[in-house]
Structures are given as C-alpha cells and as structure tokens.
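Input: a single structure, listed below in structure tokens.
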Amino acid sequence: MESNLPTFAKLLNLLYSIMQIKFSSLSVILLSASFLIYTACSPSHSNSSGESTVSREWPTSTMEAASFNAVGVDSLEAKIGDGKYGYIDQMLIIKAGSIIYNQTFDNNYQEISKGLSGILGCGYESCQDSSEINSYNYYHPSFHPYYQGSRLHSLQSVTKSVAATVVGIALKKGDIPSLENKVLDYFEEYDLSQTDESLKSATLHHLLCMQLGIGWNENTAPLDSNNQVVQMEKSADWIQYVLQQPMDSRPGEKWVYSSGASHLLSGIIKKATGMSMAAYAEQHLFKPLGIETYHWKTTPKGFQDTEGGLYLTAEDLAKIGQLYINGGSWKGQQILSPVYIKEAIKKQVLDLYGDGGKEGYGYQWWLPGDEEEIWAAMGFGNQFLIVIPEQEIIGVIHAWNIYDIEAEYIFRDFVDVLKDSKLEK
C-alpha cells in the first residue's frame, strides 16, 4: 500500500557533542533532535492485515534451553516496568537463530503526547490543524514511534547501518564496482561549481566511515539556523546542499559524524542502479530476508531518507544482525559478501573522540570498546540493534525517549545483560 502524505523534512541531528558516546560506561547519552521545516512525500509499504509474521520467520526457544542466564533479563524487565528507562516499547533477544525473549511494553502515546507542542511537533489533540499531523511530527502517535497503528517502529539512525548494507549488496552485484570509486562520480548532474576541489578525491570508503572531509557542525552547533543539518533540511535539495559545503580536512584524515554524508548514499544507489534506495533494498535485501512490510520516508527530491527514515518491526530488524552473523548468507542465498562484512564491522576509525578510547566506527556501524566484539546500530529515542557474533546473540530495543522525563540510558545495561548471559552449569 502506498500513500502520499504531507510531511515536513526532518532535522535528525544526533548531537554527539552532547551525547558523548562512551560505550563502556553508564554515562552514555544518545540524543537527537528533529526540526519541522519542509514537506515531502513518504511512501509506505504495509500488508493489509498488519498481522505479524514473526512465527513464520523465527523459530522460538527458551532462555534455559539456550543456556542464557535469565536473571539479568528479569531485572531489566522489572526496571522497564518501573519506568527506570523511560518509554521502552519492545525488547527482543535472539540466540543461535531462535527468539528466546520477546516482550512488548504498553505505552499509551496518545496520553503521553497529549498537550505537547514544540520543536519536535505536536502531540495527540494538540495540533492546530491536520497538516501538522505528518510523518515528521515526532510527538504525534499517528507516526511515532509506530507508523499509523502498525507494528512498524521508527529506526531513526539505525537506518544508516541498513543503508550501508544495501551499498554492500550493490558492491557484490557489481552495480558499484569498488568502494574506491569517487563520490562525485555519482553526482555529475549536480552543480559542482561551488564544490571544494579536495572533495574530488573522496571515495565511497571515506563516506561510509564518516571521513568525507566536509566541514559539518551537526554535533557542535546549537539547534538553530546555523546548524548545517537545519540548513540542509530547509533546502529544496538535500544532496546539492551537502555537495556545496566547504571542506575542513582532506578525505580520510578526520572522523566527523555527518547525517548529510549518510544521505548521499540514497543518491549513490539511485545513480548506480537506476532504482530508488527503497526499491533496490526491497528487491535485494528485504524480500530475500522475508521482510514484507516497511515504511521509508523520502526527502523533497524524492530520495529515501537514509539518515534516519526507515521503519521496521524489531523481528525484521534483527534479521539484519543475523545476516551479518551468517557472513552474508540467508537460507542458502549469499546476499552480502563476507569480505564486505569483515570490512563493515572492522574498526576503520579508532579513538573517535581523541581521548584514547577504544570506541571505533566501521561502515555506518558503531563498534564499542568492550573486549568482546560487539556491533551496534543506534538511533534517536533509544533504538538499538546489538550483535555479539561470538555468542550468536542479537538484541533489539525499540523505545521512544524523546520526552522531557528523567530516564536512565538502557544501552549499557542491555549490552551487559547480553554479553554476560552465559549460564553456568
């Protein structure tokens, strides 16, 4: 089912200066902000019944049968019930290819959002007119956190990791010959007269690693008209805006988190394949994985929002993690190259914050500093896809912590429960 909805373009500004991602401590804060600025079309893809197909896609087991210590999970569940972690919508754990824990939590977002109005939108019965109720209104329960009453949940910046996966598929299929291809080769039809000369040497590898070299103040400027994400999303053409920004380093020299860079992936897939990001992902990733329903927002120029516009169920999102654990294979079909996966979850960038930390970054994947290998996709409102490959564990958290309430950050507690879960016999 496809619908055309009046929307405002979003400011998905992951304020990583505020966020201070310290994966090894409890002080991690993941904040994003969104701004209601522009209209766009947002196609959605849903089955007519809205019923879950979980049982057909994932076998189920028990924590005991999987030798998974339930004590930590029970403690987390109790704390979620007490509101310690704010508004948690679902917690899912998969081990060795079977669901061993899957719990949803009832949050009445009509009541939670009622009376709220501000930079993120207007809540239930709080909007001045119907035009304000759109897919970039982060307070209204028609679109957030679930899409129009379905089980599709906003992924926010977890979208980046999925988009990078689609790029890996295009690489395997030969639609993208090499990650050493120059970024600007995919944007020749754009006005490059104001493009910095040094950007010509930037490759797809640089882009995926957040080392494009473009000056980008997303994590340093206040959330106002001087912030480049605000400016990009006020523009009629997001891609054009990104390409004309000045450089502040040569490509590959410095890590700078940039949602603008991530959005270029949508244009690259379109140019390389002749298909939109959504269409290509549906054919070569979603359908092979049995992902039947999704929603993906688009920008004013009709490109899928690859900085944070994808909605999936928790069970379908977990399939992305399982695909990586499987070395790119799914039910006998090689979807991703094992070589690409190895590079994608490798710490291509070390010491992200220049403080001697062990945190790293791969191809749009966060790589915590734990001794045990962990891969993480992370997004606004506390969206997490956690993969612990050695133990074949996948964890998913869906939440919607965007409101002004006191809540502890669940990421580290969740990771600790997953990685320390081995049941002693």
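The values are calculated or read from the model by the stated rules, or taken from the named source; none is laboratory data. Being a predicted model, the structure only gives us computed values, none of them experimental. Here the Cβ is made from the backbone with ideal geometry for all residues, glycine too, and neighbour counts use every protein chain on show.
In table form, for the structure just shown:
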quantity: SER276 vs. criteria surrounded by fewer than 19 Cβ atoms within 10 Å (Cβ to Cβ), at pLDDT 95 or above and not aromatic (Phe, Trp, Tyr); calculated: yes
quantity: Filter pass, GLY149 being more than 20 Å from ALA407 (Cβ to Cβ) and touching a Gly at 6+ places or on another chain (Cβ under 9 Å); calculated: yes
quantity: Top-ranked residue in the range 285-315 [being surrounded by 24 or more Cβ atoms within 10 Å (Cβ to Cβ) and modelled with pLDDT under 95; ranked as farthest from the chain's Cα centre (by Cα)]; calculated: THR299
quantity: Some residue of the range 394-405 being out of contact with any Leu (no Cβ under 7 Å at 6 or more places or on another chain), more than 27 Å from LEU120 (Cβ to Cβ), surrounded by 23 or more Cβ atoms within 10 Å (Cβ to Cβ) and not charged (D, E, K, R); calculated: yes
quantity: Count of the range 79-103 residues which are among the β-branched types (Val, Ile, Thr) and under 13 Å from ILE410 (Cβ atoms); calculated: 2
quantity: Subset tally (residues that are over 18 Å from SER258 (Cα atoms) and outside any helix (DSSP H, G or I)) for the range 188-220; calculated: 7
quantity: Residues of the range 224-243 satisfying the condition of being surrounded by 18 or more Cβ atoms within 10 Å (Cβ to Cβ), more than 17 Å from SER266 (Cα to Cα) and in contact (Cβ under 8 Å) with a residue 60 or more places away in the chain; calculated: ASN227, VAL230
quantity: Residue that is farthest from GLY174 (Cα to Cα), among those in the range 336-360 that are outside any helix (DSSP H, G or I) and in contact with a helix residue (DSSP H, G or I) (Cβ under 7 Å, 6 or more places away or on another chain); calculated: ILE345
quantity: Output for the range 158-177, where each listed residue is part of a helix (DSSP H, G or I), of a type in the set (Gly, Ala, Ser) and closer than 16 Å to GLN334 by Cβ; calculated: GLY168, ALA170
quantity: Strands (runs of 3 or more DSSP E) within the range 363-425 that include 1 or more residues without any contact (Cβ under 8 Å) to a residue 60 or more places away in the chain; calculated: 375-379, 383-388
